[in-house]
Amino acid sequence: MEAAGISAGIALDHHDDGHDDHHHGPPPANRSSRVSHEVLGMLLFIISEIMVFAAFFAAYFFIRLVAEGHRWFPFEGYELPVAIAGVNTAILLSSSLTMHWAQVSIKNGNRFGLKVGMVLTSLLGATFLFIQINEYIHIGFSPQDHAQGTIFYGLTGLHGAHVLVGLSLLIIVTVRAFRGHFSPEHHHGVEIPGIYWHFVDVMWIVVYTAIYII
Amino acid sequence: MATANPALVPEITVHSVEPEPRGWVSWITTTDHKRIGILYLVTTFVFFLLGGVEALLMRVQLGAPDNTFLTPATYNALFTLHGTTMIFLFVVPIMAGFGNYFLPLMIGARDMAFPKLNALSYWLLLSGGIVFYVSLFFSPPEAGWTSYAPLSGSVYSPGSGIDAWIFLIHLTGISSLIGAINFYATIANMRAPGMGWGRLPLFVWSLLVYAILLILALPVIAGAVTLLLTDRHFGTGFFDQGQGGDPLLWQHLFWFFGHPEVYIMILPGFGMISEILPVFARKPIFGYKAIAAATVVIAFLALLVWAHHMFSTPSATIVLVFFMVSSFLIAIPTGVKIFNWIATLWRGTVEFKTPLIFSVGFISVFLIGGITGIFLAVFPVDWQLTDTYFVVAHLHYVLVGGSVFAIFAGIYYWYPKITGRMLSESLGKWSFGLMYVGINVTFLIQHSIGLDGMPRRVYEYPDVGNLALYNLISTIGSFMLGLGVVVTAWNVVRSLKKGARSGPDPWKANTLEWFLPSPPPANNFDVIPRVRSVEPMKDIRRQIARQSETPVELGAAEPTPR
């Protein structure tokens, strides 16, 4: 095991893919599924994330439709910036496209495409987060004002937290891309954060539809 | 790699090999699924003993009317600690403990899919337990394991005990979630060659469904306790009617998790019983596919019945009817399983060893719990019985008679594999006798206590009717049950040194873990056998017998070719 670690370290120093075919230790176990366990783990994690969002959506619709004395959303005297949030939606969705470009690029061995794709994706993600925070500053009500305000901040904040986590992953991938990691054969490190980022984007469509449009 | 310079890579000089950690350091740093499994099993059993002591203290208080042994606040803290400990720190994680140890062995894998996450999930569990129990030293939570809003809000529970409870849910929740993802990925990805889905041991099937239910249910309560936390500390109003929220929201979110949790606690038990019965009946399991399918159907229905815990809250009749009927439906796949277990025993060559006795005890006691469950699923009956001791009796029949008996059957069945030593049969039978009688003496009478109208979670009661006698009987039973548990605990400790050597396969069992020496070596399998049926060990034993007796067999077979 020690030797494997050292060989990986040397390979990395040469700006090379660390996981080349020098396998030490016991032979790999029998693979009984075509999906690798890393990808499967991420997909299962995303299912659990969907359930966390489901809990928050349950709270949202409960407060909006079932709870006593419900008024409309958000409560009277306040307007949600639907148009700005719509532009923000477009920004986040286009980041999914650039992410996809980065993933396809590394599969085809196009390192330039990977780097540019990752930088663009990170910038778009950061822009989304910036506009979201700006919206919080100017919206005029606080989470403590009413359950309606609470759940607005609850749902968008939960999503924003996920964007932040996704963005951190993207930045790690970007740094690694510039350090010469990944190859057409070994790109789990791009693929798995990519799956997470696509999930964050798709979930935003649901959040946006539920809160801003309906 | 196209750009790799092959001459550079082999130039490695290892100056020193780091020594393997020894002693307690090796246990803290381990990522071996077997060691993590043992850590899980020991830790959760300690929590089980703590929860048991809490239960006995409550039973002492209730042993006589108008008793003043405990203060009301202490009593509230005790039932909260007892329920939370048993559910979140004992039954759910001990199933993960058995799963950790035996899942890779049963499917012929080297380890779990994510060994480091596996270690993380154990240490998160332990941290959750410590965070929760530390609250004993300032202000223990007093809102029950359900922590209903608004009782758990900052107005009625100003102390920090509820926060300790919330952190326990978060920590053990993440622990179980990581464990569940690990189980699923391991089962999907690391099965031995030849082990298709139709040859998966039934315990592994139940762990798969356990994992799916955890992945679907746990995040919901993680969300709910997060809302509770912000309500308590940041002035939000999710559960506060004054701010436009609704306390009922808590109940919906809690029970959407809470009911699948019931099956999370019992399904791996079902799986253990399905492994143990065919071994000791010396007969294949009756209806393998039916049992596996019933497990999946139970899990699916479990997600659709949560509001039967909320029949006494205002809801439209059609909603009540839906949840009543969906709860009835669960009886069908459960009945299929009980039928199959009995059919497995039927005309088998039954060996009355302790694991089998616990399994049979499980079937009988769990059946009673299931039937009272059908009573409670009828909503007009539930209106009468909700929050009485009838509910307490029901849930303890399925949890103690169900999950705990299955766990004890599992301990007696697998202890030889983990330690290489047999547990004492006579102590095991004593333990079973005390526990079986203890359960029935403690909890059967509680149905009557509930029908007489005594509510649960009260610390005292007046001397009216037969309540004093009934409660005294229940208290006596609880000490028998406790003694039975102590006998097994003593058996486990004593047999570590004094138990007979077990050898690799003391029971002549069916699944792959018995292929290995006891205890198994760190690398599990040197050779992974090819799996050709649901009972690979039977095939292997047959093959060995054929190889050693080939000439004799051939000679004997010659005169009668047919």
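The values are calculated or read from the model by the stated rules, or taken from the named source; none is laboratory data. Note that the coordinates shown come from a computational prediction; the quantities given were computed from them, not determined experimentally. Glycine also receives a Cβ, built like all others from the backbone with ideal geometry; neighbour counts cover every protein chain displayed.
Some points to look at:
- Where a residue in segment A:56-68 is at the interface with another protein chain (Cβ under 7 Å from one of its Cβ atoms) and its partner, wherever it lies, is assigned to a helix (DSSP H, G or I) and polar (S, T, N, Q), with Cβ under 9 Å and at least six apart: A:Phe56/B:Thr226; A:Ala59/A:Thr150; A:Ile63/A:Gln148; A:Ile63/A:Thr150; A:Ala67/B:Gln241; A:Glu68/B:Gln241
- Hey, B:Leu124 surrounded by 20 or more Cβ atoms within 10 Å (Cβ to Cβ), in contact (Cβ under 8 Å) with a residue 40 or more places away in the chain, more than 14 Å from every other protein chain (Cβ to nearest Cβ) and under 30 Å from B:Arg456 (Cα atoms) or not: no
- Among the residues of segment B:91-121, those that are outside any helix (DSSP H, G or I), of a type outside the set (Asp, Glu) and either away from chain A (no Cβ under 14 Å) or surrounded by fewer than 24 Cβ atoms within 10 Å (Cβ to Cβ) (or both) comprise B:Arg110, B:Phe114.
- For segment B:417-473, filtering for residues that are without any contact (Cβ under 8 Å) to a residue 12 or more places away in the chain and at positive phi leaves 0.
- The set of residues from segment B:235-252 being more than 7 Å from chain A (Cβ to nearest Cβ) and part of a helix (DSSP H, G or I) comprises B:Gly242, B:Pro247, B:Leu248, B:Trp250, B:Gln251.
- Index of the failed condition, B:Arg232 passing every other in (1) within 12 Å of another protein chain (Cβ to nearest Cβ); (2) closer than 30 Å to A:Ala147 by Cα: (1)
Residues are listed down the side, and each one gets a yes or a no for (1) over 14 Å from A:Ser96 (Cβ atoms); (2) within 13 Å of the chain's Cα centre (by Cα); (3) not small (Gly, Ala, Ser):
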residue	(1), (2), (3)
A:Val165	yes, yes, yes
A:Leu170	no, yes, yes
A:Phe182	yes, no, yes
A:Ile195	no, yes, yes
A:Asp201	no, yes, yes
A:Ala210	yes, no, no
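- Considering the conditions (1) assigned to a loop (DSSP other than H, G, I, E, B); (2) crowded, with 24+ Cβ neighbours inside 10 Å; (3) at the interface with chain A (Cβ under 10 Å from one of its Cβ atoms), B:Pro193 is excluded by exactly one of them, (2).
- Cross-chain or 6+ apart pairs with Cβ under 8 Å, segment B:209-225 first and under 10 Å from B:Ala302 (Cβ atoms), then of a type in the set (Gly, Ala, Ser): B:Val209/B:Ala299; B:Leu213/B:Ala299; B:Leu213/B:Ala302; B:Leu216/A:Ser48
- Residue check for B:Ala217: among the hydrophobic types (A, V, I, L, M, F, W, C), assigned to a helix (DSSP H, G or I) and either touching a Pro at 6+ places or on another chain (Cβ under 9 Å) or not assigned by TED's automatic domain parsing to the domain that holds B:Gly258 (or both): yes
- Filter pass, B:Gly161 being crowded, with 22+ Cβ neighbours inside 10 Å, in contact (Cβ under 8 Å) with a residue 24 or more places away in the chain, in contact with an Asp or Glu (Cβ under 8 Å, 6 or more places away or on another chain) and away from every other protein chain (no Cβ under 14 Å): yes
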